[in-house]
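Everything below concerns the one structure shown next.
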């Protein structure tokens, strides 16, 4: 457990509606990138599921590398606001629900995760469509009545909310979390495989190396198993977005 340690400067705290989530505390263990919106579950169960969601690792970028020393924005850092992340050229990675530094962003994996088709072989079996999400299934509201039509539109929607001090969240179906967890497992495995093959200076998105997030994904798959296929596609969920750095794994 991370306890009440203050998150490092790079982590963008996701804000939640205190009226809806009265169980949220100031404890940094309760910071979350996921809001479980199932109407049939009690508030207690919702709070338990939220607590298991995306949390920052308390690893900062190497102390010997600073933007001042390098004379430029470091490639592993996206700043502290959506506007800053966009100005630094950090790609908006929908499936990881993060603005990701260029140094650890895999555009092929990200595209495959959204489209559900392998870029190299045109075969299926990857990404969000594999979990029943279809093409692009995001909404502005909890009732899923105001669709967001593209990744660019979603980024602009979230940027506007951030500028207005609103929570960085949008809505989709529960099965998104399976796509999210599978995607980050693939990213982490790719990094380890590159190390095994002798590559050095390998970086991955911070969340892909976070043991707390891995534990969260175990609970996600257990919850989806209990819901069943129809429930996972039907149930609504709010997803919190944020900004996090790359970490070097070797």
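The values are calculated or read from the model by the stated rules, or taken from the named source; none is laboratory data. Quantities reported herein were computed from a predicted structural model and do not represent experimental measurements. Note that each Cβ is placed from the backbone with ideal geometry, even for glycine, and that neighbours are counted across all protein chains shown.
Here are the numbers for the structure shown:
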| quantity | calculated |
| --- | --- |
| Complete set of residues in the stretch 184-233 that are in a helix (DSSP H, G or I), within 28 Å of residue 77 (Cα to Cα) and touching a strand residue (DSSP E or B) at 6+ places or on another chain (Cβ under 7 Å) | 187, 188, 191, 206, 207, 209 |
| Residue list for the stretch 78-103, restricted to those being surrounded by fewer than 24 Cβ atoms within 10 Å (Cβ to Cβ), touching a helix residue (DSSP H, G or I) at 6+ places or on another chain (Cβ under 9 Å) and more than 19 Å from residue 176 (Cβ to Cβ) | 79, 81, 83, 86, 88, 89 |
| Filter pass, residue 207 being under 19 Å from the mean Cα position of the chain (by Cα), closer than 16 Å to residue 106 by Cα and at pLDDT below 90 | no |
| Subset of the stretch 152-181 [in a helix (DSSP H, G or I), in contact (Cβ under 8 Å) with a residue 40 or more places away in the chain and buried (at least 18 other Cβ atoms within 10 Å of the Cβ)] | 154, 155, 158, 159, 162, 176, 177, 178, 179, 180, 181 |
